Structures are given as C-alpha cells and as structure tokens.
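Novice: Attaching a single structure in structure tokens format; questions to follow.
FYI, it's all coordinate maths here, none of it is from the lab. Note that the structure is a prediction, hence the values are computed from the model and not measured. Cβ placement follows ideal geometry from the backbone for every residue including glycine, while neighbour counts extend to all protein chains displayed.
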Amino acid sequence: MSMNDTVARVTDRIVARSRDSRADYLARMDAAAKRGPHRGELSCGNLAHGFASSGQAGKDALAGEQRPNIAIVSAYNDMLSAHQPLKDFPDIIKDAAWQAGGVAQFAGGTPAMCDGVTQGQPGMELSLFSRDVIAMAAAVALSHNMFDGAMCLGVCDKIVPGLLIGSLSYGHLPFVFAPAGPMTSGLPNQMKSKVRQRFAAGEIGRDELLKAESMSYHSPGTCTFYGTANSNQLLMEFMGLHIPGTSFVNPGTPLREAATRAAAEQVVGLTALGDNYTPLAHVVDEKAIVNGMVGLLASGGSTNHTMHLVAIARAAGIVIDWDDFAELSAITPLLARVYPNGTADVNHMRAAGGIQLMIRSLLDAGLLHEDVTTVVGDGLSNYTREPFIENDEVVWREGPHASHDSDVVRMPAEPFADTGGITLLEGNLGRGIIKVSAVAHQHRRVTAPARVFASQEHVLDAFKAGELNTDMVVVIPYQGPRGNGMPELHKLTPTLTNLQDAGLHIALLTDGRMSGASGKVPAALQLTPEGSRGGPIAKLRDGDPIVLDAEAGTLGVDVDADTLAARDPITFEDAPETEFGLGRELFAFFRQNAATAEQGAGPVLQGVP
C-alpha cells in the first residue's frame, strides 16, 4: 500500500525542519569515520593500556586491525530485576564475537535506577536526568577510541534512551541494542492495581500490599506491564536497532541466549572492517524516528517518550515536536490493549502476535516507512520475522499475519480506537500531553474547579483527611525539569482512581509527569511552559474553573486573561525540599539548564535549535 499522506507530510516537514542540524550531525559523523578508530595509529603506550588485561590471543588481535573490536556498554546491576540478567551477557558476547571473527571488550557500565523503587521518594527527582548521566557514561565508556562497533545492554525507563543518546555521539560506529527480556507473568496487573486501590483506601494493611506486589514483581526480568521500559523495547524494533523479535523473550531461556549471541555476531559484520558497514548515524534517521513515533502511538505506549524520543532525535540532529506526535496520533490506529490499557501483559502481547504483527499490519496500511536501514539490513519488513531455536541455533521465520487474541492485539481495520494513545492538549495554560488509551470516553472531558497542591504528598494527606470528596482538577505546579527534576507522580494513581470510581469528576494537571503506565484517570502532563519558567500553571488558585477536553485537544482555565496575568506565581510555605539530599545537590546544573519537556527535558544539545 502507498504511504499514508499524513505520515509522508509529517516526515517531509521533519526533514525540512532538521535540514541544517541533520547535515551538521552527519558531517561530524563522516569526519569521525574517516579519522578512525585506527588502533595501529595509537601510540604503543596507548595501545598497551587498551589491551593489557586481555589474553595473548586478544592482544595479538587488537595489535592489528584485522579483527573488529566490539565495545560492550552495560547497565547491569543485580538489585534491579530488569538488569540482573545482563550479568552473563558479556561472556556470551565475547565468545560469539570471537567466533564471528571479532573481539569484544567490556568498555564500561552505566547507572540504572528504577522508578519502581524510587516512586514517590526523593530519589525520583534524579530519575529524569539519569538519562543524560547514562548518555555521558556511555560516551566515556567509548572514549578510548579502541572500538569498531558496540553493543548496548539495557532495558528500563531512562536507560535505553540514555544509551542511545550517548551512542549517537559515536554514530560513525555500528551499534546493536540487546535487552534482557520480561519476567514471566505473575499476579495479574489488574489484580495488583485493585490491591493498591484497597490499600490507598485504608481497607488493607502493608503486609497484604507487599505480598501482592511481590507476587507481581517476582523474578529476574523486566516488569511485565506496558510502561516506559517495555515501550523502549518496542521502539528499538520499530527503529531497527534490535535483532528482530527479541524484545519480549524471557531471560534465562535458550532463545534469550541465542538472540544475544546473534546480536553480537551481527554487529561484528557491520563494522567498517567488513563489507556491510552500517553506522548508527544512518540507521537513526528521520524515517526511523517517525516509525518509532507511530509504533509508540499504535501500541498505547509511554508518555515519557514524548520527551525521550525528542531528545534521541535531537542527538541525531533531527528536530521533532508535539505537533508531529499529534498529527500522527490522529491517523494511527490503537492496536494493543496491554496493562494499564487493558488486562494483558507483554508476555500475552507477544503471544498474540506482538511487535511483529504490529509492524506487518502498519506497513500494509502505509503507516510505516519500509525504506529504512536497520541493523539486519535494508527494510523494516525484516522486523515481521520472529526467532526460534532449531538444531541448537536461532532461526527466523515470518511472524503471524493475524492476531491470536483480538482482546490484546488487533489489526488496523478493526482497532481498539481509530487514533493513537497520546493526545496533545493546548490552551491558555500552555501545551501538554495526555495518554488517552486507558481513559474511558466518559472521562475524557472534565470541567471542575482547581485544587492546587505543593506536592503529591500533600494530595495524599488531603485525601486521608477526607478533604477530596468533590469534583476537582488536582493541580501540582513546580514539578517540571527546572522545578525539581520532573519526578513521576505515579504514587497518586490509586488515590485518584478511587475518587473517580466513586463517581467524582477527577483529573490531574501538572508540569510534571506520570509513570509510563499512567492509567484511567485523565492526566494533563508535562505542561509547557512549566511553573518554574513562569508558566500560567503557577498562577492557578483553588476554585479556578479548569476545562480539560482530550477529545478536542484543549486545556484551559476560565479566568480573565488580565486577571491571570496580574497574579503572582503561587508560593507554598510547606513545599518539600527539592534541592538537597539523596544526591539532588549534584544535579543543580541539570535543573538550571534543562530544556522544556517539548525539547526533550534535558540539557540543551549544542547545534540543535
């Protein structure tokens, strides 16, 4: 089928908008490719340092330029379930690379923090900027200029975007990304959600809550709901950066190990020392970014990627904005119902047809660019294939042509909704994002008075005091990147859900963000300009009439413009400390120099408008 007119128009607009910055980026990458790496040109002292810990065979290989050297950059730690399986990956990669004619060295590690652990805690205020720390850590790991290619190992929220941003500064090299895979299914997500609501309502105690949480998060692997971590994995396939069909293969299985070996073998063959040189800079182009956006929208993915994808694109010299998301969302069918947008988890999603079926059907509908470069060759149709073990080796077969469970994954002709899962909101309060894929139609328009709070903790205290038994829009300003590092406010979800379930008209309005698994309560997020930049959210007061209409894409306050402008920004005498403690003082530079949410919410990248 021919390309959808809107997808083509948005892509052309991005190309035109990015012409200068993209050309500058590619020129820098081409220059770097010409400069090296040439290990033979390193001084003897440099080179000796670079392979001193290797065995003799490795030293002999690295002393010349016949065998490509593959860097391993990993987010391994053994506290977090999603990254614990990565412990064994370096040895697998080293062996596979050697068998394929290369060498692999563990170049460096990056931090990997878990929003599930820090949710509602001060440490969450480091979370967003950990993405940029990870990008810098990846750049440091690759800085020795010993490498002809790299494999990046990571899974969760900020980790994959950070790894990709850092890798793009070495875009003259080929990269393959390899995940650990999701844990097997535990306590169903919907049951877990109900337990959380009961705890928030005071109906059960901490012991019962912890038991339920432990039954849900129960083993090595990624959490199985469809939040930012699993949205990352989907994006890596839609953008051609994974080995096809490997995102949701469970850890500790023969297929997971075989897929990791295949990834290592593949990157060895992509270096400039071979005949299939495929640098990252030419994989992540405008069409790949658009494919990622469409995949995010069609799957009902995480709102965090309205920032992360923007930052990734900018690292490649590509400029996208929320208007692009909005136009694509208007013509992208919602094809998946995975918790919190349904009852299934990502294991069920994979069994129903998963990423391979979605890519196939969206290609057939003309909603994705087929003519892209990927790490496994030209054409996104490579990603309609899925891996299997055959005679102790991994082989790829064509994936399904139809859904195995239409309650979980559907075809574009009969979608769950005609539009994507994320909507742009605009009005006299600025611009924001709302995830609508889990919000019932009757809750998508809320007209109610504002209740303004200093923090999510103050909202919970008011709930416990019985002060929230009325229709309202909960407003929490000063939660943006420059305010306090933009922590997720997911801790509010059970409480706000209880209020909505009680029949109240409830919404959330903030310049902060929610979890990528934000659910059925309408939440206007990432409001720009944020309160700390003088945004009008900081001038709202209790009782101001707020209108949030996700169907129309509007967000506003019914207060005279002159009256609103004359108000001073609100101050809170009991505002929590956000500048010191748990390392927050170390991130002052990030807060002071953060771009807006629509610009990616990190430190402004040089050379990109």
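Novice: Taking Rh as the Kirkwood radius, which is the inverse of the mean 1/r over Cα pairs, what is the Rg/Rh value for the range 1-124? Don't skip to the answer; put the middle values down first.
Specialist: Details: Rg = 21.3 Å, Rh = 18.9 Å.
Rg divided by Rh gives 1.12.
Novice: Where the centroid of each part is defined by its Cα atoms, how far is the range 311-356 from the range 270-288 in Å?
Specialist: 24
Novice: I would also like to ask the following. What is the order of Val559, Val372, fewest Cβ neighbours within 10 Å to most? The partial results should precede the final answer.
Specialist: On the way: Val559 20, Val372 24.
Starting with the residue having the fewest Cβ neighbours, the order is Val559, Val372.
Novice: Pop out the Kirkwood hydrodynamic radius of the range 507-609 from its pairwise C-alpha distances, inverse of mean 1/r, in Å to one decimal. Don't jump to the answer; show the numbers that get you there.
Specialist: Working: mean 1/r = 0.0625 Å⁻¹.
Across the range 507-609, the inverse of the average 1/r is 16.0 Å.
Novice: Per 5 Å bin from zero, what fraction in whole % of the C-alpha pairs of the range 109-160 is there, up to the bin with the longest pair?
Specialist: 4, 20, 27, 20, 13, 8, 4, 3, 1
Novice: Roughly how many Å is it from the Cα centre of the range 92-160 to that of the range 547-587, as a whole number?
Specialist: Between the Cα centre of the range 92-160 and that of the range 547-587, the gap is 34 Å.
Novice: Rounded to the nearest 500, what is the chain's calculated 222 nm mean residue ellipticity when only DSSP H runs of at least 4 contribute -39500 (n - 2.57) each, over all residues? Working shown, then result.
Specialist: Values: 22 runs with 222 residues, N = 609.
It comes out at -10500 deg cm²/dmol, rounded to the nearest 500.
Novice: Turning to a different aspect of this structure: Among Glu390, Glu370, rank each residue by its count of other Cβ atoms within 10 Å, from fewest to most, as a rough exposure measure. Please report the intermediate quantities before stating the final value.
Specialist: Working: Glu390 11, Glu370 15.
Ranking Glu390, Glu370 by Cβ neighbours within 10 Å, fewest first, gives Glu390, Glu370.
Novice: In nm, to one decimal, how far is the Asn46 label point from the Ala502 one, both placed 7 Å along Cα→Cβ?
Specialist: 6.7
Novice: Fewest first, what order do Trp322, Trp98 take by the number of other Cβ atoms within 10 Å?
Specialist: On the way: Trp322 23, Trp98 18.
Lowest count first: Trp98, Trp322.
Novice: Kindly flag which residue pairs out of Lys158/Lys192; Lys194/Lys491; Lys464/Lys539; Lys87/Lys491; Lys491/Lys520 have an alpha-carbon separation exceeding 19 Å in this structure. Display every interim value, and only then the final one.
Specialist: Details: Lys158/Lys192 24 Å; Lys194/Lys491 14 Å; Lys464/Lys539 26 Å; Lys87/Lys491 31 Å; Lys491/Lys520 14 Å.
Where the Cα-Cα span goes over 19 Å, the pairs concerned are Lys158/Lys192; Lys464/Lys539; Lys87/Lys491.
Novice: Quickly work out the Asp323-to-Asp30 label distance, labels modelled 7 Å from Cα along the C-beta direction, and quote it in nm with one decimal.
Specialist: My value for the distance between the label points is 2.9 nm.
Novice: Quick check on the range 166-274: what are the equivalent-ellipsoid semi-axes from the Cα gyration tensor, as sqrt(5λ), descending, whole Å?
Specialist: 38, 15, 10
Novice: What trypsin sites (Lys or Arg not before Pro) in the range 405-470 are in a loop by DSSP, with at most 10 other Cβ atoms within 10 Å of the Cβ? Each step should come with its number before you reach the end.
Specialist: On the way: sites: Arg410, Arg431, Lys435, Arg444, Arg445, Arg451, Lys464; in loops: Arg410, Arg444.
Passing sites in the range 405-470 do not exist.
Novice: Shifting gears a bit: Just the projected area, averaged over all directions, of the convex hull on the alpha carbon atoms of the chain: how many nm²? If you can, show how the numbers build up before the last one.
Specialist: Details: hull surface 106.4 nm².
Spelled out: convex hull of the Cα atoms, projected over all directions, averaged, 26.6 nm².
Novice: Of the GluC sites (Glu not before Pro) in the range 502-609, which ones lie in a loop per DSSP and count no more than 13 other C-beta atoms within 10 Å?
Specialist: On the way: sites: Glu530, Glu551, Glu573, Glu577, Glu579, Glu585, Glu598; in loops: Glu530, Glu551, Glu573, Glu577, Glu579.
When the GluC sites (Glu not before Pro) of the range 502-609 are filtered for loop state and at most 13 Cβ neighbours within 10 Å, Glu551, Glu573, Glu577, Glu579 remain.
Novice: Just to confirm the filter: which chymotrypsin sites (Phe, Trp or Tyr not before Pro) across the range 544-608 are DSSP coil and have at most 12 other Cβ within 10 angstrom of their Cβ?
Specialist: On the way: sites: Phe572, Phe580, Phe587, Phe589, Phe590; in loops: Phe572, Phe580.
Those satisfying the criteria are Phe580.
Novice: Find the eigenvalues of the gyration tensor of the Cα atoms of the range 422-599, then list the square roots of 5 times those eigenvalues as equivalent ellipsoid semi-axes, largest first, in whole angstrom. Can you show the working numbers first?
Specialist: On the way: eigenvalues 108, 68, 57 Å².
Rounded to whole Å, the semi-axes are 23, 18, 17.
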